[in-house]
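Quick notes on the structure that follows.
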Amino acid sequence: MGDRLSIDGLAERTGEPAGRLAGWHDLGLIGDETGAFGAGDIERVRLIRTLLGRGVAVDDVARTVRDHADVLARWVPGWLERGERTHTLDDAAARVGLEPERARRLWRASGLADLGSVATDEDLQGLRTMRVALDAGLPEDALVQIVRVYGEALGRVAEAETRLFHVYVHKRLQQEGLAGDELVARTDAVSGPLEELVEPAVLYFHRKAWDRAMREDLITHLAEEAGLWPTIDATGQVPAAVAFIDLSGFTSLASAMGDLAAAQVVDRFAVIVRETVGHSLGQIVKQIGDGFMLLFHDAASALRCGLALERRIGDEPQFPAARLGIHWGPVLYRDGDYVGTTVNLAARVAAEAGAHEVLVTQAVHDHAAGLDDVELVPAGGRRLKGIPESVELYAARVTAGRAAKQTDPVCHMQLTAAEVAARVTIDTDEHVFCSTDCLQLFVAAPEQYTS
C-alpha cells in the first residue's frame with residue numbers, strides 16, 4: 001500500500017539520519033523483515049520522534065511495542081488507509097503550479113511544518129485550492145492569514161475532540177475495568193459513529209459563523225456609507241472598543257481551593273461572559289485562563305456590556321469579583337486576532353482595575369457619554385506599565401446600588417452576610433470566610449493574607 005522506500009528514501013522524507021533509522025528498524029519499530037519501508041513508516045518515525053522529544057527512551061518505546069503489538073499498527077492515518085502516494089513539497093508545488101517558496105510559506109502558515117516536506121495526494125488538492133484563491137485575486141498576505149486561522153482554529157477543534165474523548169470515554173471505560181481487546185472494541189464502537197459526524201458538524205458551525213460574519217460585514221459597509229464609522233484602512237485597521245476582563249484574586253483562589261474547583265469557577269465565569277457578550281453586540285476575541293479579550297464596534301455597547309458583566313458576576317453567590325478595562329481606538333486585524341496600541345492600553349487599564357471595578361479611558365468617556373443610569377467618575381491620571389504618558393481614567397458605575405459584599409482574604413470569594421461561614425477579628429479588623437478550609441489556612445498564617 002502506498003510508496004515503497006529504501007532507508008535512504010525514508011531518511012530523506014523524515015529528516016532522520018539513516019543510521020538512526022537502521023537502529024529503530026533493528027528494534028522492530030519501523031520497516032519489515034526485508035529492510036523495506038513504506039509510507040506508514042514516515043508516520044511511525046514522526047510518532048517515535050515525538051515520544052523521544054518528550055523524554056521517553058527508545059528502549060521503552062521498543063518494549064511497549066513488543067508487549068502491545070498493536071500500538072503502532074493502530075496509528076494509521078486516513079491517507080495511508082486510502083493508499084495515497086507521497087510527494088516532496090517541491091514536487092507537489094510544481095504539480096499544482098506554485099513557486100516552491102510560496103508553497104513553503106503556505107505550508108508553514110497551515111501549521112503543517114512539523115510534517116516536514118512530505119505531501120500526500122490530499123495535500124496536493126489543498127495546495128490546488130490555495131492556487132485557485134491566488135489566481136482569483138486574493139493577495140498572498142491575506143491567504144496566508146486565512147490559512148493560518150484555519151490551521152490554528154481547526155487544530156483546537158481536533159485537540160478538543162481527542163482530549164475530551166480520551167477523558168470522558170476511554171478513561172471511564174478503563175475505570176469500569178475494561179482492558180486489552182475489549183477496551184479497544186468498546187472504544188471503537190463509540191468513536192466510529194462520532195467520527196462520521198465530525199466533518200458535517202464543522203461545516204454546520206462554519207455556516208452559522210459565516211452568516212454572523214457576513215451580517216457584521218454588511219453593517220460595516222452600511223455604517224461606512226452613511227458616514228457613521230470611519231472607513232476601514234486598507235491595512236485592516238478599524239476603530240473599535242476593546243475590553244479585557246478577568247477575575248480578581250483568581251491565583252489565590254486556585255491556590256486555596258485547588259485546580260478542579262478553580263476550573264469550575266472559570267467554567268461558570270465563561271458562561272456568564274459568553275451570554276452577556278452575545279446579548280451586547282460584542283465578540284469574544286479569545287480566552288486566556290480566567291481572562292477574556294472582547295471587541296465592540298461602538299464604545300457605548302462595550303461600556304454597557306462591561307457594567308452588565310460586573311453586575312452579573314457580582315450577583316453570583318460565593319464568587320470572586322471581576323475587574324474590567326476598556327479603551328476605544330484603532331485596532332489592526334491580523335490572523336483572526338486584533339493587535340495594536342489600543343489593545344495594549346486596554347489590557348493595561350484592566351490590570352489597573354480593582355475588584356468590582358470597570359475602568360475606562362478618556363476615549364471611551366468621550367464616545368459613550370450620556371448613557372442613562374451610568375456614571376463615569378474621574379479616577380485620575382495613572383502611570384500604566386509600558387505606556388510613556390499618564391493615562392486619564394474613569395470608574396464606570398451603574399447609579400442603582402446593590403447589597404454590599406465582603407471578601408474572603410484567602411480565596412477572594414465575594415460573600416453576602418448569609419454566605420459567610422466563619423468570622424475572625426484581629427485587633428479591630430474583621431475577616432470573613434467562605435468555609436472552614438479557608439479559615440484554617442488563614443489561622444495558620446494570617447500574615448500571608450493581611451499584608
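How much accessible area per residue does the chain have, counting only protein heavy atoms and a probe of 1.4 Å, in square angstrom?
Details: 25120 Å² over 451 residues.
Per residue, the chain has an accessible area of 56 Å².
Taking Cα pairs under 8 Å and at least six residues apart, what relative contact order does the chain come out at, in percent?
Numbers: 609 pairs, mean separation 43.1, N = 451.
About 10 percent, as a whole number.
Counting each DSSP H run of 4 or more residues in the chain as -39500 (n - 2.57), what helix-only mean residue ellipticity at 222 nm follows after dividing by all residues, to the nearest 500 deg cm²/dmol? List each step's numbers first, then the result.
Details: 19 runs with 238 residues, N = 451.
Rounded to the nearest 500, the figure is -16500 deg cm²/dmol.
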(request) For helix 180-225, report the angle its Cα long axis makes with the longest principal axis of the Cα atoms of the chain; keep it between 0 and 90° and round to the nearest 10°. (result) 50
(request) Enumerate the amide H contacts of GLU357 below 5 Å, restricted to partners 5 or more residues apart or on another chain; note that Pro and chain-start residues carry no placed amide H. (result) LEU324
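Rounded to the nearest 20 debye, what is the charge dipole size of the range 123-252 about its Cα centre when +1 sits on each Lys and Arg Cβ and -1 on each Asp and Glu Cβ?
Numbers: 12 positive and 21 negative charges, 51 e Å.
Once rounded to the nearest 20, the dipole reads 240 debye.
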(request) Answer with one residue from CYS305, ILE48, PRO200: the one whose Cα lies farthest towards the positive end of the charge dipole of the chain, charges on Cβ with Lys, Arg +1 and Asp, Glu -1. (result) CYS305
(message) Which one, GLY155, VAL184, GLN145, is farthest towards the positive end of the dipole of the range 112-187 when Lys and Arg carry +1 and Asp and Glu -1 on their Cβ?
(response) VAL184
(request) Quick one: what are the phi-derived ³J(HN,Hα) couplings along the range 7-22, Karplus 6.51/-1.76/1.60 with θ = phi - 60°, whole Hz, x for glycine and proline? (result) 5, 5, x, 5, 4, 5, 6, 10, x, 8, x, 4, x, 5, 5, 4
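Can you tell me the dipole magnitude for the chain around its Cα centre, using point charges on the Cβ only (Lys, Arg +1; Asp, Glu -1), in Debye to the nearest 20? Mind showing how you got there, number by number?
On the way: 45 positive and 68 negative charges, 69 e Å.
In debye, rounded to 20, the chain gives about 340.
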(request) For a quick protection proxy, order the peptides 4-17, 367-380, 340-353 by their average other-Cβ count within 10 Å, most packed first. (result) 340-353, 4-17, 367-380
(request) For the chain, with all protein chains present and a 1.4 Å probe, just round the carbon and sulfur fraction of the accessible area to a whole percent. (result) 53
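For the range 172-222, run through the GluC sites (Glu not before Pro) and keep only the ones in DSSP coil with at most 14 other Cβ atoms within 10 Å of their Cβ.
Numbers: sites: GLU176, GLU182, GLU195, GLU196, GLU216; in loops: GLU176.
Loop-located and lightly packed - GLU176.
Rounded to the nearest 20 Debye, what is the dipole magnitude of the range 192-301 about its Cα centre when Lys and Arg each give +1 and Asp and Glu each give -1 at the C-beta?
Values: 7 positive and 15 negative charges, 42 e Å.
The dipole of the range 192-301 has a size of about 200 debye.
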(request) Could you run the Karplus curve 6.51 cos²θ - 1.76 cosθ + 1.60 with θ = phi - 60° over the range 292-302 and give me ³J(HN,Hα) per residue in whole Hz, x for Gly and Pro? (result) 10, 9, 10, 9, 9, 8, 8, 5, 4, 5, 5
(request) State the answer as a single residue: which of LEU371, MET130, LEU281 lies farthest towards the positive end of the charge dipole of the chain, with beta carbon charges of +1 for Lys and Arg and -1 for Asp and Glu, about the Cα centre. (result) LEU371
(request) Tabulate in residue order the Karplus-calculated ³J(HN,Hα) for the range 57-63, using 6.51 cos²θ - 1.76 cosθ + 1.60 with θ = phi - 60°, rounded to whole Hz; enter x for Gly and Pro. (result) 6, 4, 5, 5, 4, 4, 5
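The values are calculated or read from the model by the stated rules, or taken from the named source; none is laboratory data. Since this is a predicted model, take the numbers as computed values, not measurements. For neighbour counting, all protein chains shown are included, and Cβ atoms are generated from backbone atoms with ideal geometry for every residue, glycine included. Surface areas here come from the heavy atoms of the whole protein model, side chains and all, with no ligands, DNA or RNA. Shrake-Rupley method; radii C 1.70, N 1.55, O 1.52, S 1.80 Å.
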